[in-house]
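K.L.:
First the structure, which I've put down as structure tokens, then a few questions once you've had a look.
Where a number appears in this text, it was derived from the coordinates with a stated rule and is not lab data. Only a predicted model underlies this, so the values are computations on that prediction, with no experimental measurement involved. Cβ sites come from the backbone with ideal geometry, for glycine too, and all protein chains shown count toward neighbours.
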Amino acid sequence: MSDKSYLDRVVKKQYEFGFTTDIEMDVAPAGLNEDIIRLISHKKNEPEFMLTWRLEAYRYWLTLKKEIPAWAHLKIDPIDFQALSYYAAPKSTKNAPKSLSEVDPKLLETYEKLGIPLHERAKLAGVAVDAVFDSVSVATTFKEKLNDAGVIFCSFSEAVQKHPALVEKYLGSVVSYRDNFFATLNSAVFSDGSFVYIPKGVRCPMELSTYFRINTAKTGQFERTLIIADENSYVSYLEGCTAPMRDENQLHAAVVELVAHKNAQIKYATVQNWYPGDENGQGGIYNFVTKRGICLEENAKISWTQIETGSAITWKYPSVILRGDHSVGEFYSVALTNHYQQADTGTKMIHIGKNTKSTIISKGITAGHGQNSYRGLVRINPGAMHARNYSQCDSLLIGAQCGAHTFPYIVVKNQTAQIEHEATTSKISDDQLFYCRQRGISSEDAVSLIVNGFCKAVFQELPMEFAVEAQKLLEVSLEGSIG
Amino acid sequence: MLEIKNLHATINNTEILKGINLKINSGAVHAIMGPNGSGKTTLSSVLAGRDGYTVTKGEILFFGQNLLDLSVEDRAIAGLFLAMQYPIEIPGVNNSYFLKTALNSIRKAHGENPLDAFDFMAIAKKYLHAVGMDEKFLKRSVNAGFSGGEKKRNEIFQMLLLQPKLAILDEMDSGLDIDALQIIASGVNALRNQTRSFLIITHYQRLLNYIEPDFVHVLLNGKIVKSGDKNLALEIESNGYADLSILDKQ
């Protein structure tokens, strides 16, 4: 097998998480109207302010053109928003489970297959998990231990019931329902998600984690995550995502809002492995996500780390508004596209406070017919004295049919700002493969060696056990991408 | 161990090797000398299985096995090592991680247990000293930003670590000062034994002052035109290749 043909072969590996779970579901009729929104709100037994907010969002959505924003470097078929169902829940959770023993065993089996440590034995791993199945949160582990520390970690629905004041105060405070098309849609119809509140001075005693799973056909998943870190607190949060293999595209439009108060730190990591579609570009998840954090007061810090290997289309820009003086924003990203996957992803760092600092490290890997774009905005407002930004955007190409693009936007309104931007594009060369193989390393191992080396700066930001997981995920996603 | 019979090879349909015959026994050190364009690097590339070269005639046996049937990595696993004139840079890949992967791939293919990080480091440190480099070198990316001399020493370091049965050194002396040259030579000499063979490809005689070859061959225009002992190298050093070109025309 010559190096050339090796560099031309494309991934044949099957998506590992493509199974579906046969479980009785409560699915709302397809289509979107005020009744559906009232139905969702009613099913969740929401207080009035939630319904009002949803309806405001919906009415605003009606005024928008039902088109996906065209500025991204993506080719997307039109989506029929009336053909989707906006609510699906496993029937057995209707009377919400109070403990794991009340959760449908089939659900537990599904999470078992996904390797999620739902049972308490996961204590060893020290990770608290909230699992969202289609649109409904089904189980949250370690609740008691977290309670002792004063940490609130629960499904969004539960937070609405038990902590309505917090929800009302912060919901939409970072991403308003008018923010963008998908954020508006999410605000109207979101059904669940995760909620975290870390009280003043508390260092969350464990990693928090949410797993998202789309199961039902022809449903959209719209979850919403809200994390609030009060003064002098710390939290590290990780989300993972998978979906079954289906021929049609499925829509996922989530919103994540982070609020960091004075001296608080939030680390948010994503390992996204939604079904990417098959090797001909059939099926796969459309992933339109709005993620934003605000460093509300001084010395707050927010870090986004993302490993994006799944989805047919990824459209997401986890951003940080650096409002407090001396606040810090970080974005570390590995985005991989193979076959016909497309990704347009990056970040926005909005510097408002004095001496604010941001770091952007973006690594794009593209193989097959994949298209990978980095799109990022660094904005220094007039009052942001001595703001600093460092950006590094690297692209790695595997094969000759793929594309890598970089769209950096830099807006500076203050002369004292210091901004650095570095970008590189490289290709795994035949010479590099030959060199590795001459030393006895197979082509597959050589590629993963080079890819992992390329991503090292980002993997270092992940909690140890997830860094290993991320590495494996890249190997699987690239398997046979050359050869 | 290695037998090359009537080897013809082309690059882009241009014939570069025009009937090479060479037999290397276990434990022997052979030197191939020749001017630029004589086919030296083509020969080493064909032996290692590099892409872009087509063998049009002849065969190569390595321990009785048809070498041309083996993939690049299988040749390495069988014990063939090529120290390159221009070692390739792999930015981002840590030198020690690269070498550990290589060593363990070969060990695995031979049914041996992989070395863990501690065992690997112990061996690596031993050989690092042999090539006069410090441990920081292991943490740097493979050849990235290395000076010419460091790259060559890295090749020898890898050779020491992988303990090949046949090491081909392609113009290792080009662009090196005497100190580096001596380090490379002592690396080779340290590995010389009854079962290991070397094929040293060079333009100049000076490396052979430090590595004493058993046989010297002169490559001209794709053919070995003269073979002899180490004195042939000295002869070429004083008379140049021009005198020998007449042999090529015979």
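K.L.:
Once label points are set 7 Å from the Cα along Cα→Cβ at both B:SER147 and B:GLN163, what is their separation, rounded to one decimal in nm?
P.N.:
Here the modelled spin labels are 3.2 nm apart.
K.L.:
Further, regarding this structure: Can you sort A:MET349, A:MET206, B:MET33, A:MET464 from fewest to most other Cβ atoms within 10 Å of each residue's own Cβ? Walk me through the intermediate numbers first.
P.N.:
Working: A:MET349 24, A:MET206 18, B:MET33 27, A:MET464 9.
Placing the least packed residue first, the sequence is A:MET464, A:MET206, A:MET349, B:MET33.
K.L.:
What is the distance in Å between the Cα centres of segment A:298-320 and segment A:421-441?
P.N.:
Segment A:298-320 and segment A:421-441 have Cα centres separated by 28 Å.
K.L.:
If you don't mind, another one. Assigning unit charges at the beta carbon (Lys, Arg +1; Asp, Glu -1) and nothing else, what dipole magnitude in debye, to the nearest 20, does segment B:136-176 show about its Cα centre?
P.N.:
Values: 7 positive and 5 negative charges, 66 e Å.
Dipole of segment B:136-176, to the nearest 20 debye: 320 debye.
K.L.:
Fewest first, what order do B:LEU17, A:LEU296, B:LEU191, A:LEU322 take by the number of other Cβ atoms within 10 Å?
P.N.:
Working: B:LEU17 26, A:LEU296 23, B:LEU191 16, A:LEU322 32.
If I rank by nearby Cβ atoms, fewest first, I get B:LEU191, A:LEU296, B:LEU17, A:LEU322.
K.L.:
Relative contact order, percent, of chain B when contacts are C-alpha pairs under 8 Å separated by at least 6 residues? Before the final figure, lay out each step's value.
P.N.:
Working: 447 pairs, mean separation 70.3, N = 250.
It comes to 28 percent, rounded to a whole number.
K.L.:
Among A:GLY399, A:VAL378, A:ASN452, flag the residue with its Cα farthest along the positive direction of the charge dipole of segment A:358-483, charges on Cβ as +1 for Lys/Arg and -1 for Asp/Glu.
P.N.:
A:VAL378
K.L.:
Further, regarding this structure: Give, rounded to the nearest 20 debye, the magnitude of the charge dipole that segment B:171-250 has about its Cα centre when Lys and Arg contribute +1 at Cβ and Asp and Glu contribute -1 at Cβ.
P.N.:
Details: 7 positive and 11 negative charges, 62 e Å.
It works out to roughly 300 debye.
K.L.:
At a Förster radius of 51 Å, what calculated FRET efficiency corresponds to the Cβ-Cβ distance of B:LYS139 and A:ARG38, to the nearest 0.05?
P.N.:
After rounding to 0.05, the efficiency reads 0.25.
K.L.:
In nm, to one decimal, how far is the modelled label at B:ALA242 from the one at A:ALA83, with both set 7 Å along Cα→Cβ?
P.N.:
8.1 nm
K.L.:
Using a 7 Å offset from the Cα along the Cα-to-Cβ direction at both A:GLN282 and A:SER426, what is the distance between the two label points in nm, to one decimal?
P.N.:
Simple spin-label model gives 3.8 nm for this pair.
K.L.:
Estimate the FRET efficiency between A:TYR390 and B:MET121 by the formula 1/(1 + (r/R0)^6), using the beta-carbon distance for r and 25 Å for R0, to the nearest 0.05.
P.N.:
Values: r = 33 Å, r/R0 = 1.31.
It comes out at approximately 0.15.
K.L.:
Here's something else I'd like to know. Just rank A:VAL447, B:VAL218, fewest to most, by other beta-carbon atoms within 10 angstrom.
P.N.:
Values: A:VAL447 27, B:VAL218 24.
Ascending Cβ contact count within 10 Å gives the list B:VAL218, A:VAL447.
K.L.:
Taking every DSSP beta bridge that has both residues in segment B:94-250, what percent is antiparallel when rounded to the nearest 5?
P.N.:
Values: 6 of 11 bridges.
Of the beta bridges lying entirely in segment B:94-250, close to 55 percent run antiparallel.
K.L.:
Okay, next question. Is there a quick way to get the dipole size of segment B:106-250? I mean about its Cα centre, with the Cβ of Lys and Arg at +1 and of Asp and Glu at -1; what is the value in debye to the nearest 20?
P.N.:
Values: 18 positive and 19 negative charges, 95 e Å.
So the dipole magnitude of segment B:106-250 works out to roughly 460 debye.
K.L.:
If amide hydrogens are placed 1.01 Å from N in the peptide plane, which non-local residues have theirs closer than 5 Å to the one on A:LEU396?
P.N.:
Correct list: A:GLY364, A:ILE365, A:THR366, A:SER426.
K.L.:
Let me ask something additional. May I ask which residue of A:HIS369, A:LEU296, A:THR347 lies farthest towards the positive end of the charge dipole of segment A:273-395, with charges of +1 (Lys, Arg) and -1 (Asp, Glu) on Cβ and the Cα centre as origin?
P.N.:
About the Cα centre, the residue reaching furthest to the positive side is A:LEU296.
K.L.:
Report the net charge of residues surrounding A:GLY293, where surrounding means a beta-carbon distance below 11 angstrom and charges are Lys +1, Arg +1, Asp -1, Glu -1. Can you show the working numbers first?
P.N.:
Numbers: positive: A:LYS267, A:LYS291, A:ARG292, A:LYS301, A:ARG323, A:LYS348; negative: A:GLU257, A:GLU330.
Residues close to A:GLY293 contribute a combined charge of +4.
K.L.:
Now, a different point. Kindly list the residues of segment A:377-401 that lie in the label zone of A:GLN415, defined by a backbone N under 18 Å from the point 7 Å along the Cα-to-C-beta vector.
P.N.:
A:380-388
K.L.:
In the structure shown, do any of B:LYS108/B:LYS139; A:LYS145/A:LYS472; A:LYS145/A:LYS262 have a Cα-Cα gap over 27 Å, and if so which?
P.N.:
Table pairs above 27 Å Cα-Cα are A:LYS145/A:LYS472.
K.L.:
Averaged over peptide B:77-90, how many Cβ atoms belonging to another chain are found within 10 Å of each residue's Cβ? Intermediate values should be presented prior to the final figure.
P.N.:
Values: counts 3, 1, 1, 2, 3, 4, 1, 4, 0, 1, 2, 9, 4, 12.
Average neighbour count from other chains, rounded to a whole number: 3.
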